[in-house]
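See structure below.
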Amino acid sequence: MWWSRFGTPLSTFEGVSFYRKGRNVWAFSLPEIPDMRCESVGLRFMSVRGRVWKPTTYALQLFGRFATKNAVDLGPDQAEKFIAGEQQSLEADLEDGYVVVSHRGDVLGCGLYTRGELVSQLPKERRIVKEGIENCLSDGDS
């Protein structure tokens with residue numbers, strides 16, 4: 001999927017092992033899963049919902065820089081909207097579906113691009129809104 005969707009060379013994943021557990025694909029750097037009782041091993045790499053496979057923000061932040069297609073580098077205002085979790089209009093040379101979103105070459109995470117609209121897929125706990133930053137900075141100034 002990473003080769004067909006993002007053009008990521010398969011050599012990018014040399015030394016990385018994968019396993020699927022339930023609706024998730026996990027990546028880890030050992031040649032096999034350790035023989036120990038644990039809920040998971042490694043990094044949650046993708047979630048699987050039917051026929052649609054969605055890369056995680058963490059996986060894209062590690063491997064998204066190797067994408068050669070379906071990747072977009074946003075300007076400052078667009079990036080601010082993206083990390084705030086906002087939807088925005090975006091005309092770009094992208095296929096509809098999940099895309100790698102970056103700003104100045106740094107991968108921010110996963111976006112869902114459909115007919116000229118980009119929807120941030122950042123988890124809510126990782127979003128940063130401008131008002132929140134301003135409120136935090138002004139709280140101690142009284």
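The values are calculated or read from the model by the stated rules, or taken from the named source; none is laboratory data. None of these values were measured; they are calculated from a predicted model. Cβ coordinates were reconstructed from backbone atoms using ideal geometry, including for glycine residues, and neighbour counts include every protein chain displayed.
Yes or no: the range 14-22 includes at least one residue that is of a type in the set (Phe, Trp, Tyr) and in a strand (DSSP E or B).
Looking through the range 14-22, at least one residue is of a type in the set (Phe, Trp, Tyr) and in a strand (DSSP E or B).
Against the condition out of contact with any helix residue (DSSP H, G or I) (no Cβ under 7 Å at 6 or more places or on another chain), under 18 Å from Tyr113 (Cβ atoms) and not in a loop (DSSP other than H, G, I, E, B), how does Phe82 come out, does it pass?
Yes.
Please tell me if Leu94 is outside any loop (DSSP other than H, G, I, E, B) and either at pLDDT 95 or above or over 21 Å from Glu14 (Cα atoms) (or both).
No.
Give Val72, Val48, Val119, Val100 a once-over and let me know the one that is within 23 Å of Leu10 (Cα to Cα) and surrounded by fewer than 19 Cβ atoms within 10 Å (Cβ to Cβ).
Numbers: Val72 fails: surrounded by fewer than 19 Cβ atoms within 10 Å (Cβ to Cβ); Val119 fails: within 23 Å of Leu10 (Cα to Cα); Val100 fails: surrounded by fewer than 19 Cβ atoms within 10 Å (Cβ to Cβ).
Result of the check over Val72, Val48, Val119, Val100: Val48.
Test each condition in (1) modelled with pLDDT of 90 or more; (2) loosely packed, with under 15 Cβ neighbours inside 10 Å; (3) under 22 Å from Leu122 (Cα atoms) for Ser4 and report the one that comes out false.
Among (1) modelled with pLDDT of 90 or more; (2) loosely packed, with under 15 Cβ neighbours inside 10 Å; (3) under 22 Å from Leu122 (Cα atoms), the lone unmet condition for Ser4 is (3).
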